[in-house]
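Encoded as structure tokens, the structure appears first; notes follow it.
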Amino acid sequence: MKLSVFHTPELTPDQNSADCAIAIDVLRATSTIATALAVGAEAVQVFSDMDKLMHESEAWQPEKRLRAGERGGSKVAGCELGNSPLDCTAELMHDRRLFISTTNGTRALQKVQASKTVLAAALINRRAVVDHLLKHHPETVWVVNAGWEGSFALEDTVCAGAIAHSLAKGLGVPLEELAGNDEAIGAVALYQQWQDNLLGLLHHASHGKRLLRLDCQDDLKYCAQIDVLDVLPMQREIGVLVRA
């Protein structure tokens, strides 16, 4: 198995050769997707374009859908939800489809949607992702970070490092044997430095600071947790993720 980390969708190769692709947007899209599925959403359908989200969701009965839109950390007008995983309650999500578009995370998912297997990962469901990789042993794994508007993001890279670190231990191989690029080595180094203070790292991250200015402290606390959800969001059809 070879695992490569790409810091943004823009840095991810256009020629997709991944057997398994993992999209990460810790703050907050993949944390929200994992939480929505954990509490009973029927599926999560992702969009990079808000107009397309609105158009496609119109085909669903209002009681069977929820629209979540976020740009720049704030909720988009016309949507019931923004991009906070804390809004994903069992009462609200049960048996509904969540239609979601965010600034960065949904772009990462769309970049790799043609892969054989597509997963959504965050710190909160790291173990479920690693267990899947250990069970199925895909030959080539791409971890695609959402970043922030084309730039490197600490929180996504530390999550990629958490996955790679745990996977190397589970496989019983040295990191240099697992790593498919230098970014994977760097991601693990970042995780090893901050694994005991992930919330502190999120407070240092530029997007973490942005969310703090929007009074989203509780979101950071939630998203900084590791291995608290046993849920694996997996693409069932292009753009639609379900609980595997």
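Rolling a 1.4 angstrom probe over the protein heavy atoms, how many square angstrom per residue are accessible across the stretch 1-67?
About 39 Å² of surface per residue is accessible.
Tally Lys/Arg at +1 and Asp/Glu at -1 over every other residue whose Cβ is under 11 Å from the Cβ of residue 83; what's the total?
So the environment of residue 83 carries a net charge of -1.
What label, among (i) 25; (ii) 18; (iii) 37, belongs to percent of Cα pairs over 30 Å apart computed from the structure on display?
(ii)
Around residue 41, which amide H atoms from residues at least 5 apart in sequence, or from another chain, sit under 5 Å from its own amide H, with H modelled in the peptide plane?
95
Under 8 Å for C-alpha pairs, at least 6 residues apart: give me the relative contact order for the stretch 131-193, rounded to a whole percent.
Relative contact order, the stretch 131-193: 34 percent.
Accessible area per residue, 1.4 Å probe, Å², for the stretch 180-244: what's the number?
For the stretch 180-244, the solvent-accessible area averages 54 Å² per residue.
Put +1 on the Cβ of each Lys and Arg and -1 on the Cβ of each Asp and Glu in the chain; which of 231, 92, 216 then has its Cα farthest toward the positive end of the dipole?
Working it through, the farthest residue towards the positive pole turns out to be 92.
Determine the sum of side-chain charges near residue 94: Lys and Arg each +1, Asp and Glu each -1, restricted to other residues whose C-beta is under 15 angstrom from that of residue 94.
For residues surrounding residue 94, the net value is -1.
Would you be so kind as to identify all helices of the chain, as entire DSSP H runs, whose Cα atoms reach 18 Å or more along the helix's own axis and whose mean Kyte-Doolittle hydropathy is at least 1.6?
Both cut-offs are met by no helix.
The values are calculated or read from the model by the stated rules, or taken from the named source; none is laboratory data. Just so we're clear, the structure is a prediction, and the values are computed from it rather than from any experiment. Please note: Cβ atoms are built from the backbone with ideal geometry, for glycine as well, and neighbour counts cover all protein chains shown. Calculation scope for accessible area: heavy atoms of the full protein, side chains included, ligands and nucleic acids excluded. Shrake-Rupley method; radii C 1.70, N 1.55, O 1.52, S 1.80 Å.
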